[in-house]
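The values are calculated or read from the model by the stated rules, or taken from the named source; none is laboratory data. Since the model is a prediction, treat every value here as computed from it, not as a measurement. Neighbour counts are summed over all protein chains in view; Cβ atoms, including those assigned to glycine, are modelled from backbone coordinates with ideal geometry. Surface areas here come from the heavy atoms of the whole protein model, side chains and all, with no ligands, DNA or RNA. Shrake-Rupley method; radii C 1.70, N 1.55, O 1.52, S 1.80 Å.
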Amino acid sequence: MTSHIALLESIQTGLSESLGEVTGLEWVRDLSGGDINRAALLRSRNTNWFLKYRDNAPPGMFEAEALALAEIAATACIRVPDAVAWGTAGNTAWLVLEHLELTSNGPAALLGEQLAALHDISRDSFGWSRNNYIGTTPQLNDWSENWTGFWRDCRLQPQLAMARDAGFASRLIDRGERLLASLDLLLQDHVPAASLVHGDLWAGNKAFTPAGQPVLFDPASYYGDRETDIAMTELFGGFEPAFYTAYQAHSPLPAGYPLRRELYKLYHVLNHLNLFGSAYLSRCENIIDGLLAQVK
């Protein structure tokens, strides 16, 4: 583990390269973080910074996050914290973000409107400019003009392969393979736009400023079906009815979304299985069984 002193030295150098000379950088306190990274509040003179850091982080993890934040920010559709600098100190990777005062409660309808505006940003192909991570799991973003192929080859198939390599039950893998072979039927006639999505939109990755501005963070962005973001909001809950009403008023979801929602949830539940273990196995199997029951 890299010491705080060595980490601060690396961060101060990185901040100075980005902003001009930064001096007097202090570690104010540790902050409660998520399941993946640690966090701390830093201060330099009168400026506070939010630090994310992780020992033995996958290569490029924080750089990919910073680039996703910049891409979302460039749309001017919804607020995200500025990614100020990132780098490594020994075996510890770090990312310094703008420090924002945030609250969990705010205008849910405005969040729905602004997310819909973000989803209006689109490209001709599905994917992203580089691979990134969902948690610490590699997320493939090879460009594709076919959404079904992208979801199969860059999302579900890699997760099932990791589950197989981890030794999870053959029933999961066998039925998962059947599901992959059935995607053309499950997604037939669904031709979504390649929208800019957050990619990991659970309730813990959204908040509000005291003035009521929605803020998103911790993205795993790419250009994909906008329904993937909405499905993720429904996976663990935490989004108010006003959020969905406002989103639907701006961008109504097309017919067939309830079925696709389960397909899109599956990716994240498989990822939780691979990250956190067998507590998620039965949920994966139940989703797959429900989807296969729809195949005629």
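Summary of values
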quantity: Close pairs from the stretch 32-51: first under 15 Å from V22 (Cβ atoms), partner among the small types (G, A, S) and not in a strand (DSSP E or B), Cβ under 7 Å, at least 6 apart; calculated: S44/G24; R45/G24
quantity: Filter result (touching a residue at least 40 places away in the same chain (Cβ under 8 Å), assigned to a helix (DSSP H, G or I) and loosely packed, with under 15 Cβ neighbours inside 10 Å) within the stretch 260-296; calculated: F276, S278, D289, L292
quantity: Residue identified as assigned to a helix (DSSP H, G or I) and at pLDDT below 95 among A57, A6, A74, A66; calculated: A6
quantity: Every residue from the stretch 13-44 that is surrounded by fewer than 19 Cβ atoms within 10 Å (Cβ to Cβ), part of a helix (DSSP H, G or I) and of a type outside the set (S, T, Y); calculated: E17, L19
quantity: Residue among L253, L172, L201 that is part of a helix (DSSP H, G or I), of a type outside the set (D, E, K, R), open to solvent by less than 60 Å² (accessible area, probe 1.4 Å) and out of contact with any strand residue (DSSP E or B) (no Cβ under 6 Å at 6 or more places or on another chain); calculated: L172
quantity: Qualifying positions in the stretch 207-238 - part of a strand (DSSP E or B) and open to solvent by 30 Å² or more (accessible area, probe 1.4 Å); calculated: none
quantity: Pairs, first under 16 Å from Q114 (Cα atoms) in the stretch 201-219, second crowded, with 22+ Cβ neighbours inside 10 Å and of a type in the set (G, A, S), C-beta under 6 Å, six or more apart; calculated: P219/A68; P219/G199
quantity: Selected residue [out of contact with any Asp or Glu (no Cβ under 6 Å at 6 or more places or on another chain), touching a residue at least 60 places away in the same chain (Cβ under 8 Å) and over 25 Å from D120 (Cβ atoms)] from R175, R155; calculated: R175
quantity: Flag if L110 is within 14 Å of the chain's Cα centre (by Cα) and closer than 30 Å to P252 by Cβ; calculated: no
quantity: Subset of the stretch 123-159 that is over 19 Å from the mean Cα position of the chain (by Cα) and part of a helix (DSSP H, G or I) - its residue that is surrounded by the most Cβ atoms within 10 Å (Cβ to Cβ); calculated: T148
quantity: Criterion (out of contact with any Leu (no Cβ under 6 Å at 6 or more places or on another chain), aliphatic (A, V, I, L, M) and surrounded by fewer than 18 Cβ atoms within 10 Å (Cβ to Cβ)) met by exactly one of A246, A242; calculated: A242
quantity: Where a residue in the stretch 55-76 is touching a residue at least 40 places away in the same chain (Cβ under 8 Å) and its partner, wherever it lies, is in a helix (DSSP H, G or I), with Cβ under 7 Å and at least six apart; calculated: I72/L118; T75/L118
